[in-house]
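Accompanying notes for the structure given below.
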Amino acid sequence: MPSTVATSILKNTFGFDDFRGKQLEIIELISSGKNVLTVMPTGAGKSLCFQVPGLMMEGLTIVVSPLISLMQNQVDALKILGIEAETLNSTVSAEDNARIWQMVHSGELKFLYVSPEKLVTDQMLDVVDDLDVCLFAIDEAHCVSQWGAAFRPEYEGLSLLHTRYPKVPIIALTATADQGTREQICEKIFSGDVATYLTGFDRPNITLNVEIKNGWKQQLLRFLKDRPPENGIVYCLSRKKTEEATRALCDKGYNALSYHAGMAGDVREENLNRFMTEDDLIMVATIAFGMGIDKPDIRFVFHTDLPSSPEAYYQEIGRAGRDGAPAVAHMLYGMDDIRMRRMFIDNERADEMHKRRSHQRLNSLLAYCEAPVCRRVSLLNYFGDEMNYQNCGNCDLCANPRKTIPATQAGQKFISAIYRTGQSFGVGHIVDILTGKMTDRVSGLNHDMLPTYGVGKEYGINEWKSLARQLMARGFVVVDMEYGSLKITDTGFLLLKGQENFDYCPDVVIKKSSSSSPKGGRGGSAKKAVAALPDEAQDLFHKLKVYRKEIADERSVPAYIIFSDKSLIDMAVKKPVDIDQFADIYGVGAGKQKEFGPRFVEFIAGN
């Protein structure tokens, strides 16, 4: 019976014929009163896992979400489907606040979106005590974990829900959580009384690239050169660099905006609104931008600096390609990134265990950056998602396999030079010694008299710098945070003694094809061809996109909330001539059929 009801809601309300993956199993468990933790990749349909059971059950579903913009987008999307949904936040007027509470108390409202800090206030909980709540849904649940990359203290208060409302099921949802984070979510939110669904982390449509940093501005412009006008995100480590990158892009004619915490709130909000509605805008941002950005057509995420952990990296690249179409995640990474990230961790106001875990996470990300084979396998293994292949065919290492060279002796030479100079110098000076370069500093310190002077001439300067970076990534060498000098770790001394081995992967240049889309340059007016469409439907599809944006602008919502590109493609192919035929379009339920059917049928007939 539940599966029949769920399938009917899926079709009649959301316009989809079939559930994906474990969705139906999760929905049936929730609707039977059980608790569920769902770890599901971005774009896999997490929202349906609580929206469908919320519609199946009598009562109110309270959805906990960390961002106002995310809450508003989801509420707008539900309203367009004909579902009564509202959000309570600081931007809601007193008049609307009173109206929403009236809907809640009358039983008219089905979904109420609130922030965690609002829900756990005594005043709010006293009201919730008297409501007919059928489900709590906690989105971005990884924020509750102190081990995670995005810990939010206000999420900890949510631990009282399962004790205060033991008969109300809870579903916690996240796209990224390693084993430690999952265990902490289960304990804090559910006290262990939960079924966990780990449906995989793979996003096979995203090409994964890592490039050694060598002039980040030129590398960014080179990456964008042959890409058509499209949405993308460029992540920078600092506010200053964000502004600098935005200016560089605008100077080259790109439609680019900045987003960081140092900007006025109204400017940030305006930039976010533009990004959500325009289809060729590049957002240059710090990590202040991203969580909850539910925009399906982001075609690339470019990191000018190393993220803080595999979880942060996975979250950030997960904003690309939510529509399932090809997208690119391109990261620049160098030795300064390692030093900066280590310094950030050591300067954190946190206990030693937390810092130790942060260093371990960073080590895992460095291992990903220096992986000798398939990046996807390396990344997914970190999350415990074992792959049944060795070559994904969609990363720079699969497109450009790297040679692995035994380099234990080279590693020993490098570490010996560090040791003989008192572990008091940085990479540049050590490389000068190994390559026999006579600088004022080398001669002034008599380092040309060391046994290691000139013993590394088989490698060039850039090769030695690459070796140094990989020695750091493997944990043989660390950088002193205060002075920038290299220090030998216990493992490094084992390598020096011949009790550890070291293999070296020479840096490779990424082929153009692994980071480029079909040509169409920034100044070109050519429309992007859609592979899924026959030639005769291409023109109608592009006209439908323009028409969709006009309707979205009328309603002040992002265009994808009106219809996804997949729905427009279906319209362009099927060309429905009446409301009944329009109901068969992908993503058209009863609400959208009634709301938009007449307008789109008329538009299609006229084109």
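The values are calculated or read from the model by the stated rules, or taken from the named source; none is laboratory data. The structure presented is a predicted model; accordingly, all values stated were derived computationally and were not measured. Don't worry about glycine lacking a Cβ; one is built from the backbone with ideal geometry, like all the others, and counts go over all protein chains shown.
Only residues that are in contact (Cβ under 8 Å) with a residue 60 or more places away in the chain and among the hydroxyl-bearing types (Ser, Thr, Tyr): list them for the stretch 396-432, please.
404, 408, 416, 419, 424
Looking at the stretch 567-589 only, could you name the residues that are surrounded by fewer than 17 Cβ atoms within 10 Å (Cβ to Cβ), in a helix (DSSP H, G or I) and out of contact with any Gly (no Cβ under 6 Å at 6 or more places or on another chain)?
573, 574, 580, 581
Could you pull out every one of the strands (runs of 3 or more DSSP E) wholly within the stretch 203-304 that has 3 or more residues that are buried (at least 20 other Cβ atoms within 10 Å of the Cβ) and aliphatic (A, V, I, L, M)? Walk me through how you get there before you give the answer.
Working: elements: 206-212, 231-235, 256-259, 282-285, 298-303.
Once the strands (runs of 3 or more DSSP E) in the stretch 203-304 are filtered for at least 3 residues that are buried (at least 20 other Cβ atoms within 10 Å of the Cβ) and aliphatic (A, V, I, L, M), what remains is 206-212, 282-285.
For (1) among the basic types (Lys, Arg); (2) free of Cβ contacts under 8 Å to residues at least 24 places away in the same chain, each residue gets a yes or a no:
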| residue | (1), (2) |
| --- | --- |
| 555 | yes, no |
| 561 | no, no |
| 566 | yes, no |
| 573 | no, no |
| 576 | no, no |
| 594 | yes, no |
| 598 | no, yes |
| 605 | no, no |
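Restricting attention to the stretch 364-416, and to residues there that are assigned to a loop (DSSP other than H, G, I, E, B) and touching a strand residue (DSSP E or B) at 6+ places or on another chain (Cβ under 7 Å), which single residue is farthest from residue 338 (Cα to Cα)?
Top of the filtered list is 394.
Regarding the stretch 316-329, can at least one residue be identified that is part of a helix (DSSP H, G or I), buried (at least 18 other Cβ atoms within 10 Å of the Cβ) and not aliphatic (A, V, I, L, M)? Break it down stepwise before answering.
Initially, the stretch 316-329 is screened for residues part of a helix (DSSP H, G or I), giving 316-317.
Adding the requirement that they be buried (at least 18 other Cβ atoms within 10 Å of the Cβ) leaves 316-317.
Okay, now just the ones that are also not aliphatic (A, V, I, L, M), so 316.
Within the stretch 316-329, one or more residues are part of a helix (DSSP H, G or I), buried (at least 18 other Cβ atoms within 10 Å of the Cβ) and not aliphatic (A, V, I, L, M).
Restricted to the stretch 451-465, and to residues that are in contact with a helix residue (DSSP H, G or I) (Cβ under 8 Å, 6 or more places away or on another chain) and part of a helix (DSSP H, G or I), which residue is surrounded by the most Cβ atoms within 10 Å (Cβ to Cβ)?
Among them, the one singled out is 464.
Quick check on this structure: which one of 525, 515 is under 30 Å from residue 463 (Cα atoms) and either small (Gly, Ala, Ser) or modelled with pLDDT under 80 (or both)?
The match here is 515.
Looking only at the stretch 97-111, count every residue that is part of a helix (DSSP H, G or I) and of a type in the set (Phe, Trp, Tyr) and tell me the total.
Result for the stretch 97-111: 1.
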